[in-house]
Amino acid sequence: MATKELKTFTREEVAQHNKDGDLWIVIDAKVYDITRFKNLHPGGASVLLDVEVAGQDATEVFYGLHRHEVLEKPQYQRLQIGVIVDEKSVIHGRIVGELSKVPYAEPTWLSTGYHSPFYTDNHRAFQKAVRKFIDEVVTPDARAREEDGKPPSASVIEAMAKVNLHAMRMGPGKHLKGLELMGGIVKPEEFDYFHEMIITQEFARSGCRGYGDGLMSGSVIGLPPVLNFGSDEIKAKVVPDVLSGKKLICLAISEAFAGSDVSGLRTTAVKTEDGKHWIINGTKKWITNGTFAHYFTVGCKTEDGFTVILVERGEGVETKSIKTSYSPTAGTAYITFDNVKVPVENTLGGEGAGIFVMLSNFNHERWVMICSSARSQRLIVEECLKWTSQRNAFGKPLHSQAVIRSKLAAMISRAEAVQSWLENITYQMNNMSYKEQAKYLAGPIGLLKMTSTKYAQLTAADAVQVFGGRGITRSGMGQHIEHYHRTVPFDAILGGAEDVLGDLGVRQAIRQMPKNIKL
């Protein structure tokens, strides 16, 4: 299809088209004929007929009311009839695959002129490829599914499987052996937690919290117990299908009766008389990906304590969607197990060893959530810096107000503090065994998650104040702010409530206090 050739006009020529039946405007050196569109304008025709808009350069007015992507929609691109002679458009939105030039919009290691001891040239090449993939493949689907509530599209899951993103999201390990990662950019034996952090943080840039959880995040927390504690037979059956995206798995621990208090769980697993099967009865609540999962990693009360068992969807397993404050695309479920018969071979980590299985899983789960939280805060910083630069109040840019600059300073400081602590912990993870991580990092990760989610909620509140009414409107200029403010509490609850994790960190520190130290 041939591209329409655009005419050139002088600003004087455009100014002649300033009436109800003949209405043009200029936005960033582009000329638009909005004669027919004006009556369809969501804000009414009177705004477009204003003497400062009709036939005039409406760039400042437009960007005070609309996001740049509005102009990129086909129905509005068709309204462009030409350009201003000898002038060029200079404004652009997010460029696919490219780094943002807005200060603090990127972590320091990706910012021009800065250095980091943690990242190599391979990490940089990997980040560039992952960003391009997510911008092109994931983000468009994320925005559509966040709105319609449908599960992430199969085409996205398949595309991720082709470059083995599902496998990489499980972290470094033997499961990567023999796989081509991101087109061969990184070798399986060289893939580390900084590579995984890059993946998680690039996903977070889509700004769609429900979709982020819906896109197999249940597998990120539900499959590791199978990888680390399942029998060879179980792994052979389950792991390939999950890593290829053909089947999904979720972690089913929380109940209406117990969340952080694992000892209060009421779902039971009782062995049959011949000892060959478990019979599971009970319920689970707020289970991410539960509505469309094929497998469930289930925490059960057994005779010997707490046991984790892999359950396949089948007779006696029923899932219902739970309405939460983010999109149904996350697949948040209420699950009922009614006399579900499961082979004892599906036991993960041994009978009564469930606490160890789950504790070993919590560190990675919480670390992933911190990665996402840290990057999401940075997205809000970027939105606020853009808005305060283009929004005028009292005849000046919004950032000329000291109170606004104070809020920006606080938001930037929180984002940078969390990322710095996160990179320190990630470096430790790269240099510790699985057992060492469990011994030394459970407390610090708990404290960092508590800090990050508390900071995130403060940033969300500040951002709403910066955007005003737009910050509580689900569309338009403040859509990312409204979404973030509405969904940010999820990070403070999922994976362990803030107070519980803070207490965990302090209790671990107290246990390590030397007995011979006094004031």
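The values are calculated or read from the model by the stated rules, or taken from the named source; none is laboratory data. The model shown is predicted, which means the values in this text are computed figures rather than measured ones. Cβ coordinates were reconstructed from backbone atoms using ideal geometry, including for glycine residues, and neighbour counts include every protein chain displayed. Calculation scope for accessible area: heavy atoms of the full protein, side chains included, ligands and nucleic acids excluded. Shrake-Rupley method; radii C 1.70, N 1.55, O 1.52, S 1.80 Å.
Using the structure shown, select from 150/235; 101/150; 177/237; 246/435; 101/132 the pairs with a Cα to Cα distance greater than 24 angstrom.
Values: 150/235 29 Å; 101/150 34 Å; 177/237 17 Å; 246/435 31 Å; 101/132 16 Å.
Too far apart for the 24 Å limit: 150/235; 101/150; 246/435.
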Original post:
Which GluC sites (Glu not before Pro) from the stretch 35-142 combine a DSSP loop assignment with at most 15 other Cβ atoms within 10 Å?
Top reply: 52, 87, 98
Original post:
Top to bottom by accessible area (1.4 Å), largest first, where do 462, 304, 148, 121 land?
Top reply: 121, 304, 148, 462
Subject >> Two-site label geometry, residue 401 and residue 22: point separation in nm, points 7 Å out along Cα→Cβ >> reply: 4.2
**OP:** May I ask you to compute the full-extension gain from residue 461 to residue 75, defined as 0.36 nm times their residue separation minus their alpha-carbon distance, rounded to one decimal in nm?
**Re:** 135.5 nm
Original post:
How much length is gained on full extension from residue 345 to residue 420, taking 0.36 nm per residue of separation minus their Cα-Cα distance?
Top reply: 22.7 nm
Original post:
What percent does the relative contact order of the chain come to when contacts are Cα pairs within less than 8 Å and at least six residues apart?
Top reply: 12
Subject >> Bridge type composition, the stretch 159-303 - antiparallel percent by DSSP, nearest 5 >> reply: 50
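With the alpha-carbon atoms as the only input, what is the per residue convex hull volume for the stretch 318-415 in Å³?
Each residue corresponds to 158 Å³ of Cα convex hull volume.
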Original post:
So for the chain, taking the charge dipole from beta-carbon charges (+1 Lys/Arg, -1 Asp/Glu), which of 102, 489, 62 sits furthest toward the positive end?
Top reply: 489
Original post:
What length, rounded to one decimal in nm, is gained on full extension from residue 125 through to residue 231, with 0.36 nm per residue of separation minus their alpha-carbon distance?
Top reply: 34.5 nm
Original post:
How far apart, in nm, are the 7 Å Cα→Cβ label points at residue 256 and residue 359?
Top reply: 3.1
Subject >> Rh (Kirkwood; distinct C-alpha pairs) - the stretch 169-311, Å >> reply: 16.8
Original post:
Rounded to the nearest 0.05, what FRET efficiency do residue 323 and residue 150 have when you use their Cβ-Cβ distance and R0 = 25 Å?
Top reply: 0.95
**OP:** About the Cα centre of the stretch 19-95, how large is the charge dipole given +1 on each Lys and Arg Cβ and -1 on each Asp and Glu Cβ? Please answer in debye to the nearest 20.
**Re:** 380
Original post:
If r is the Cβ-Cβ distance from residue 336 to residue 114 and R0 is 41 Å, what FRET efficiency results, to the nearest 0.05?
Top reply: 0.20
Subject >> residue 300 - accessible surface, heavy atoms, 1.4 Å probe, Å² rounded to 10 >> reply: 0
**OP:** Sort out for me the Cα centre separation of the stretch 432-465 from the stretch 301-372, rounded to whole Å.
**Re:** 23
Subject >> Accessible-area composition of the chain, carbon plus sulfur, in percent [1.4 Å probe] >> reply: 55
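Placing unit charges on C-beta atoms (Lys and Arg positive, Asp and Glu negative, everything else neutral), compute the dipole magnitude of the stretch 247-368 about its Cα centre in debye, rounded to 20.
It comes to approximately 460 debye.
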Subject >> Under 13 Å, Cβ to Cβ, from residue 141 - net charge with Lys/Arg +1 and Asp/Glu -1 >> reply: -3
**OP:** Calculate the spin-label point distance for residue 432 paired with residue 11, positioning each point 7 Å from the Cα along the beta-carbon direction, and give it in nanometres.
**Re:** 6.1
Subject >> Value of [θ]222 nm, deg cm²/dmol, for the chain, DSSP H segments ≥ 4, -39500 (n - 2.57) each, nearest 500 >> reply: -13000 deg cm²/dmol
Subject >> Calculated FRET value between residue 136 and residue 87, using beta carbons and R₀ = 45 Å, to 0.05 >> reply: 0.90
Original post:
How many angstrom separate the Cα center of the stretch 133-193 from the Cα center of the stretch 273-298?
Top reply: 26
Original post:
Any idea of the accessible area per residue across the chain, 1.4 Å probe, to the nearest Å²?
Top reply: 48
Subject >> Magnitude of the charge dipole, the chain, Cβ model with Lys/Arg +1 and Asp/Glu -1, debye to 20 >> reply: 660
Original post:
residue 323: net charge of surrounding residues, Cβ under 14 Å, Lys/Arg +1, Asp/Glu -1, itself excluded?
Top reply: +3
